[in-house]
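Here is the structure we will look at.
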Amino acid sequence: MEQFTVPQFIDVEDKIFGPVTARQFVIMLVTALILFIIYKIADTTLFIFFLATLGGSSLILAFVKINGQSFHYFILNLIQTLRRPSRRIWYKMDSKDELEEMRKSGRVEVIEKVSEIPRLSYNRIRDLSLAVNTGGYYKPEE
């Protein structure tokens, strides 16, 4: 049977020189080119403003990691999370005729009165919490 070497550390990016990866180098190179063009076109105050904002944001984009992922992945995940609704609710709207037809066919039973939900006391909640936290070793007095 043939033996194969399994690649390890596949999530580590290749380094160009020192601790700088190819992605970080490209980000910094593009930022330096843009800042050079702004230096040639704009006056000193505008250049300093762009240096602070564009340079700072490129440093953050290139070198900051949040929860082990690159900053641009973090921003993309944040945008996707904010665009998606956090709660999914199904609103099924039936007309009165459809509800009456379902009731007559027996597919839906009509509940006349909702039974009252029993209230739990503080002691009962504490006992349940202890039973769950101890993995069932705690037996509340019944």
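The values are calculated or read from the model by the stated rules, or taken from the named source; none is laboratory data. Since the structure is predicted, the reported quantities are computational estimates derived from the model, not experimental observations. Don't worry about glycine lacking a Cβ; one is built from the backbone with ideal geometry, like all the others, and counts go over all protein chains shown.
Structure data summary
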{"item": "Unmet criterion (only one of (1) loosely packed, with under 10 Cβ neighbours inside 10 Å; (2) at negative phi) for residue 66", "result": "(1)"}
{"item": "Set 33, 46: member being assigned to a helix (DSSP H, G or I) and either exposed (fewer than 12 other Cβ atoms within 10 Å of the Cβ) or touching an Asp or Glu at 6+ places or on another chain (Cβ under 8 Å) (or both)", "result": "33"}
{"item": "Whichever residue in the stretch 11-30 is closer than 15 Å to residue 57 by Cα and β-branched (Val, Ile, Thr) and, among such residues, is surrounded by the most Cβ atoms within 10 Å (Cβ to Cβ)", "result": "27"}
{"item": "Odd one out for residue 14 among (1) of a type outside the set (Gly, Ala, Ser); (2) at pLDDT 85 or above; (3) in contact with a helix residue (DSSP H, G or I) (Cβ under 8 Å, 6 or more places away or on another chain)", "result": "(2)"}
{"item": "Matching entry among 120, 128 (being part of a loop (DSSP other than H, G, I, E, B), in contact with a Leu (Cβ under 9 Å, 6 or more places away or on another chain) and not acidic (Asp, Glu))", "result": "120"}
{"item": "Residue, nearest to the chain's Cα centre (by Cα), within the stretch 129-142, restricted to residues that are modelled with pLDDT of 85 or more and not polar (S, T, N, Q)", "result": "132"}
{"item": "Filter pass, residue 134 being surrounded by fewer than 10 Cβ atoms within 10 Å (Cβ to Cβ) and of a type in the set (S, T, N, Q)", "result": "no"}
{"item": "Selection status of residue 124, surrounded by fewer than 12 Cβ atoms within 10 Å (Cβ to Cβ) and either over 30 Å from residue 34 (Cβ atoms) or aromatic (Phe, Trp, Tyr) (or both)", "result": "no"}
{"item": "Selection count, the stretch 59-91, where residues are assigned to a loop (DSSP other than H, G, I, E, B), within 24 Å of residue 24 (Cα to Cα) and either of a type outside the set (S, T, N, Q) or touching a Ser or Thr at 6+ places or on another chain (Cβ under 6 Å) (or both)", "result": "2"}
{"item": "Members of the stretch 17-40 found to be over 31 Å from the mean Cα position of the chain (by Cα) and at pLDDT 95 or above, listed by number", "result": "32, 33, 34, 35, 36, 37, 38, 39, 40"}
